[in-house]
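The values are calculated or read from the model by the stated rules, or taken from the named source; none is laboratory data. As the structure is a computational prediction, the values presented were derived from the model and not from experiment. Here the Cβ is made from the backbone with ideal geometry for all residues, glycine too, and neighbour counts use every protein chain on show.
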Amino acid sequence: MNYRSDRDSKLEIYLNKICIASRHFKVTKLAGQVDSAGQRPLSASIEGQSSFKIGWQERVTLHYLVVPIQSNTDQVSFSNLTFLSEMSVPEMHASNGDKKVVEFMCREKAHESFISALHSHRIEKERLRAEQEQKGQPRHVAQIRRAKTSLSEQDLSDDQVSTPFKHLTVHPTSLSSLCPSDTASSINIICCWTAIVGGDGQDNITPGQHHLRDLIVRPRTNESRKGCPLVLTAKYDSRLFHDFKSGPVEKDLIVTIRNRLSDSDVEFEFSVNPRPDFDFIGATSFHWSLSGGDEISVPMKVKFYSAGVYNIQSVRLAIPQAGGTVPFLFPFQWDVVVEDIAAQ
């Protein structure tokens, strides 16, 4: 959304490219969003770079597909998504241009990590000082104030301050620190844009970036327990034609269950609730366990006895948790239209 209000005219923002840095995922653009035929043409190139023009108070939504990288690599993958064409080629190795794009994000993360470690260190020092005070005599109020002032102005070269960083094996501002190997479910997004800024009749072209760091693609564990850790999908024919004078009809249904957690196993009970107007044939109840990221496909058949419109989504998953078993019912529909040829 373009919310610019820094000048009266030329408030457009030119989106140059979107860069995604990750060790385990690549990103591709869904076709048909930037139409070169004229529905949403590219703006004129600015500084020799083709850009996507976003007008003032205009909202633009672009959809992308996040795909796991199958090959095992220790290098950071870059997906450079430009607007020159519908295709984008993920780079498996970081070029000098890619490193320059993410340089500020690396420094930003290093700064936040340092501030967080420093804050934790000061809290720990205050706690230790409070424990020492309890063992001795109480101090005067002026002494406590002076101690707090000296603590806030303390030299950062203290050995205890650097203790949280002694375990680091990579430089805090490096790509390896931005995309550590143990974060198997996150990506970092950099949106590069250009805008015309300035005043007094003088316009300047200024580049900028927006960052989304450590965006979770798949949760690693189900610690929050706010939703089902399993994803349910199905493959079936949504429209059937049959002569019911010859009897009922059976059609295939394949239910796929995937563990969306990347680092945790999920144990579950699969069951299908019976329906009065059609029947399920096959493995309608069983107990299973899925490792992180794994999936299982359950083939079965649905038996229809008459024409009509049916919602065949009757799957129920129950997951054992502390305190008992938690059932999950899914609100979406798998609609099937069954038509009787004899009645036509």
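State yes or no: is S185 modelled with pLDDT under 90 and in contact with a helix residue (DSSP H, G or I) (Cβ under 8 Å, 6 or more places away or on another chain)? So S185 does not fit the description; no.
Of the residues A322, A318, which is surrounded by 13 or more Cβ atoms within 10 Å (Cβ to Cβ), assigned by TED's automatic domain parsing to the domain that holds A234 and among the aliphatic types (A, V, I, L, M)?
Numbers: A322 fails: surrounded by 13 or more Cβ atoms within 10 Å (Cβ to Cβ).
Result of the check over A322, A318: A318.
D265 satisfies every condition listed in (1) free of Cβ contacts under 8 Å to residues at least 40 places away in the same chain; (2) within 30 Å of E103 (Cα to Cα); (3) not assigned by TED's automatic domain parsing to the domain that holds V27 except (2).
How do the strands (runs of 3 or more DSSP E) wholly within region 236-316 filter down when requiring 3 or more residues that are in contact with a Gly (Cβ under 7 Å, 6 or more places away or on another chain): which remain? First the steps, then the outcome.
Details: elements: 239-242, 249-259, 266-272, 278-282, 285-290, 295-304, 308-311.
By residue number, 295-304.
Scanning region 226-235 for residues that are in a strand (DSSP E or B) and among the basic types (K, R) returns a single hit, K235.
Return the residue satisfying two criteria in turn: it lies in region 1-33 and is of a type in the set (K, R) and assigned to a loop (DSSP other than H, G, I, E, B), and of such residues it is nearest to C191 (Cα to Cα). The selected residue is R4. Evaluation of V60 against the conditions (1) of a type in the set (A, V, I, L, M, F, W, C); (2) over 30 Å from R260 (Cα atoms); (3) modelled with pLDDT of 80 or more shows that the sole unmet condition is (2).
I254 meets the conditions (1) in contact with a Lys or Arg (Cβ under 9 Å, 6 or more places away or on another chain); (2) more than 17 Å from Q333 (Cα to Cα) in every case but one. The failed one is (2). Would you say V302 is of a type in the set (V, I, T), over 30 Å from the mean Cα position of the chain (by Cα) and surrounded by 13 or more Cβ atoms within 10 Å (Cβ to Cβ)? Judged against the criteria, V302 is a match.
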